[in-house]
Each structure stands twice: as structure tokens, then as C-alpha cells.
1. For region 262-329, I need the span (max minus min coordinate) of the C-alpha atoms along each principal axis, in Å, sorted largest to smallest.
2. When the chain is treated as a GNM, springs tying every alpha-carbon pair under 10 Å, which of Ser239, Ser263, Ser164 comes out with the largest mean-square fluctuation?
3. Please figure out what share of the DSSP beta bridges in region 20-222 is antiparallel and state it in percent, rounded to the nearest 5.
4. Could you report the accessible area of Arg40 in Å², rounded to 10, computed with a 1.4 Å probe on the protein chains as they sit in the structure?
5. Say each of Ile220 and Gln121 gets a label point 7 Å from the Cα, pointing the same way as Cα to Cβ; how far apart are those two points in nm?
6. How far apart, in nanometres, would the label points at Arg138 and Ala154 be if each is projected 7 angstrom from Cα along the Cα-to-Cβ direction?
7. Between His69 and Phe15, what length comes free when the chain is fully extended (0.36 nm per residue of separation minus the Cα-Cα distance, one decimal in nm)?
8. For region 20-222, what is the convex hull volume of its Cα atoms per residue in Å³?
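The values are calculated or read from the model by the stated rules, or taken from the named source; none is laboratory data. This structure is a prediction, so every number in the text was calculated from the model and none was measured. Neighbour counts run over all protein chains shown; Cβ positions are idealised from the backbone, glycine included. When the accessible area is computed, the model is the full protein with side chains, heavy atoms only, and any ligands, DNA or RNA have been set aside. Shrake-Rupley method; radii C 1.70, N 1.55, O 1.52, S 1.80 Å.
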Amino acid sequence: MKVSVSTSKVNGEVFAPPSKSYTHRAITIAALSDDCVIHRPLMSADTLASIRAAEALGASIEKYEDRIHVKGVNGKPHVPNNVIDVANSGTTLRFMTAVSALTNGVTVLTGDSSIRNRPNQPLLDVLNKLGVEAYSTRGNGCAPIVVRGGLKGAITTIDGSISSQFISALLIACPLTTQSTTLSIKGEMKSRPYVDVTMELIEQAGAEILVEEGNTIKFIIPANQRYNLKEYTVPGDFSSASYLLAAAAVTGSTVIVKNLFPSKQGDIEIIEVLERMGAKIAWDKEKGVAEITGNGLQATTFDAGATPDLVPTIAVLAACADGTTVIENAEHVRYKETDRLHAMAMELTKMGISVREEPDQLTITGGTLRGAELHGWHDHRIIMALTIAGMVAGDTVIDTAEAVDISFPNFFEVMKELGAAVELI
Ligand SMILES: O=C(O)C1=C[C@@H](OP(=O)(O)O)[C@@H](O)[C@H](O)C1
Ligand SMILES: C=C(OP(=O)(O)O)C(=O)O
């Protein structure tokens, strides 16, 4: 499916969709609990992959209009009857790899062609040190992954520079073993806020993990714990909201986004970045409402270490800003659904913008965006960000537009509701 985008402005009030990251964790931890209702979960292709995987590992899940009811396995996941297909969801693959290490049999996990090219070796290495036989069938760290359960505790180390999802996955599984675990992080821990989100849900479910912050971050995970998540309401998603806010910022319009309460999401930083770049933005944290008015943008420097998912949005803001923006510390952004540094460099270049791509950064000089035939790279965040660029350029067509289903299934409807000239073709 393609989307055609014409020059347009936005105006109005919308709700941010529920958080993808919180929904994945709520599903996974509810599946390891006894009985839990999750209110306002995100129902998207990725979170449905977590629901299917949780069911395959023994949970039963009933879906209602605005909630799901999870009857969990009480700490003891079952050996699946079949291969687990996580489709396009990295979070599901990493979390369920660790959860399947708690079974007493063999689990095979795989997914689509993007998933089968994303790295997992650091997670597999640690699982092997924790008594599990875990390997990539092709020996390259990518799915298909085979896991023979038997997770035990140990003192071990993991590389923090590729994906925080390895750490989150281990933090979720290790409290349920019979020996304690100490997990030290080697190198810079990228995407740290996502680990904080994981810790928040683990605590809400009644388990305890201690964190020692020093030169090395250390997680101390006591053994023999259980999860007892009973009820959880998913907050709004700041990564998804970034496209709505950016649409106003680049088109000089006003938009009000609701359902944006403070939480541990790192992508809350979008508010501060927009302000720094010159947008007028007021965020009422108590009401959970952000109002933005676009007002001409200036270049900035953006460190993507903690917030990789904002990179496509910031790249588009940079393309529309006065001056040269540097997006730095972003190597891990290459390990997503697609290599997002390369994808954004290619597509913005087609729109007439000067972009320099280096191993861990993009340097983007703002200019006049021109309409173009763009590739969406089957990547939800690339497509949503390019849609915003298309509203400035006009005459833009983006392919693989169906991929917005991954995190924001009604993205184009919401954009239309706000007045954006987008047509699915
Ligand atoms: O744990 C999570 O929910 C996520 C962690 C981040 O990945 P990395 O930790 O691989 O950077 C982020 O990019 C992804 O969209 C969601
Ligand atoms: C990278 C993402 O998700 P995942 O790692 O779960 O595929 C994303 O949503 O941008």
C-alpha cells in the first residue's frame, strides 16, 4: 500500500495511542502472573505478536474493546506446541526468548525477514551462561532462535551497546529462577529509559530488583520471586505522539495531543527538543495535554543514546529547520526494523535535503523539501516521519505504508482527522 501526501496543515485535538513498550511489558508480566486485566492496551501488529507468543507459552488471553484479560502461567511457562512467530516485533522476540528459557523444554522463535536480520547474540550468550542452551540456527545471532529451557541464576555481564531489550528480557525472566543473578552492564547502556520502564512494571507486579549505579551499572536480582500483576492501565505513547507534534511544528499549525501523562518513557524528550528548536509548546502534566504551535524551527544537536525511536522524527524536524542539526550517538538506530540512519539519509536526500551519514550520526542541513517518490522501508517510524515531511513538500508518495500497523494502526485516519492531506492508494 502507498500513501500520497499533499501540502497541508493540521489543526485540532487528538489522543495519543497507548504505549507500545508498556503494553508489551504488561502482556509479558501478566502472562507470568496469575490473573490480570490490562486496560487500554495498544492493539497493534507488534503487541498482537506478544499476545500470540504469551498464548503459545501457556497464557490465555481474552480481548475486549478497551481491555484484555490475561490468565497467566504463574511463573511456569509451557513448552509451546509450535514455533513462535513474532512477526516484526523485536521486543517480543527478545522478551519471549528469555521467557521460554523458563520452560522445561525447547522453544523455537522466528519472525519476518527484518526480525531474521536483527542481532541477539549478547542475549543468547548470557542465557548460555545462565544454564540455558540458546542459539541462532544460522549461527549469526539472528532468528530463528532455539531455546532449551533451564534458566538458573549466576553472576554475569552483558554488552549494553546494542539493545536494551536484552537487559529488559533478562530482568523479566531472572526473578523467577531458583538462584539469584547479578547482571553487570559492559560499556554504555543504550536506550536506558526502556529498562526503567521494565523495572517499573516488575515492581508493580510485586517483584524486586536492586540497581547499583557506579562506573558499571549492576542489576542484582533475588531468586524465587513471583509476579502478581492484577490490574494495569497503559499510558499514552510519546514516540507515537512525536509525529503528531512534529506535524504541527513543521507546518506552522496548532495541535493538542491528549493522553500524555508523565511516565518513564525516554521519548518524553520530544517535548524539550521541540521547544529547543523553537516550537511553542505547553505541556500540562496533570491533565496529560500537550499543545503545540509551529513557529519556524532552528537546528539543534540531538544525542540519540537514550531515545533511538525519536531519530526519524528529529531527522524530519532537522530537514525543516534553519541550520545544521547533528543527530549523534545513534549507531544502535541501525539495528531496528531497518537501518534507520541509512533509510532517513536516503529518503531525505531524495527530497533535496543535504544529509551526511556517518557510522553513528547524521548531519542534516535544513532546506526546501521537494516532493518525491519515497521508500518507506516497511518501517512504521520511517513512514510516519516521511508523511510529516510530505506535508511540507507536497507531491509525495511513500510505499509500504501498511507498516504503520506495527505501532499506530490508525495513524493515517488520525492525521486526516487533523486535516492532513493523506490518501492511501
Ligand atoms: O524495550 C522496548 O520497548 C524498546 C526498546 C528500544 O530498543 P533498543 O533497546 O533495542 O534500542 C526501542 O528502540 C524499541 O522501539 C522499544
Ligand atoms: C524498534 C522498534 O521496536 P522493536 O524493537 O520492538 O521491533 C520500534 O518500535 O521502533
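1. 35, 27, 14
2. Ser263
3. On the way: 24 of 31 bridges.
Percent antiparallel among DSSP bridges in region 20-222 is about 75.
4. 120
5. Here the answer is 3.2 nm between the modelled labels.
6. With each label placed 7 Å out from Cα toward Cβ, I get 2.7 nm.
7. Numbers: separation 54, 0.36 × 54 = 19.44 nm, distance 2.34 nm.
Separation in residues times 0.36 nm, less the Cα-Cα distance, equals 17.1 nm.
8. Working: hull volume 20.3 nm³, N = 203.
It comes to 100 Å³ per residue, whole-number rounded.
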